[in-house]
1. Applying the selection to region 47-70, what residues are within 19 Å of W162 (Cα to Cα), part of a loop (DSSP other than H, G, I, E, B) and of a type outside the set (G, A, S)?
2. Is it the case that D38 is over 23 Å from K91 (Cα atoms) and either within 24 Å of the chain's Cα centre (by Cα) or among the acidic types (D, E) (or both)?
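Computed from the coordinates by the stated procedures, all read-outs in this text should not be read as laboratory data. These numbers were taken from a predicted model, which means no experiment stands behind them.
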Amino acid sequence: MARQFTNIAFTDGVKEAQHRYGSRSIYENFLKRGVSEDILTAKETDFIAAQDSFYMGTVSSNGWPYVQFRGGPKGFLRVLDEKTLGFVDFKGNLQYLSVGNLSENDRVFLFLMDYPNRRRLKIWGRAQVIDDNPELMEQLADTDYYAEREKVILIKVEAFDWNCPQHIPIRYSETEVNEMMAPLTARIQELESKLAELSH
């Protein structure tokens, strides 16, 4: 079934580009199946819970887009229900470009990357910045994370789309590399201990 994101993303300019480059017929067939509201399922929830970062796009009152990197402990972006995301916003460089943009235009776009598995999830939504709800902040916070909490951002999901793995490079974080290397590291340490015993 077609997704709500087509209503948002496929503007007249986008459709014209699809015609020009030969892909419009694919999406027209896609849309004939009907348009449905996007609901976050277990697939999206599990994917989001596994991420430790995402990119968030907003638009200023002068029409310029701004994309900001958001990072934190794994799972800091939470799925609160099938249409709502939330996260604690940590104190950063004090420019407040995203927050300022959201005060004038609540539209927001999230881009979540899974480099090891070559997957990406795009989310369109409307964001609300909340400064005065300590209970909600406590609910969303990771108490083991060192960063200073400043506010909460809630996002009502309007649409989402999964992208194909084409052109996504495979990359691993330091933690992921250490996890993969752990058996080999343990074996090396074991052999070094045996060698040390033999040398005495």
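1. Those that are within 19 Å of W162 (Cα to Cα), part of a loop (DSSP other than H, G, I, E, B) and of a type outside the set (G, A, S): Q51, D52.
2. On the way: over 23 Å from K91 (Cα atoms): yes; either within 24 Å of the chain's Cα centre (by Cα) or among the acidic types (D, E) (or both): yes.
Yes; evaluated as a whole, the condition is true for this residue.
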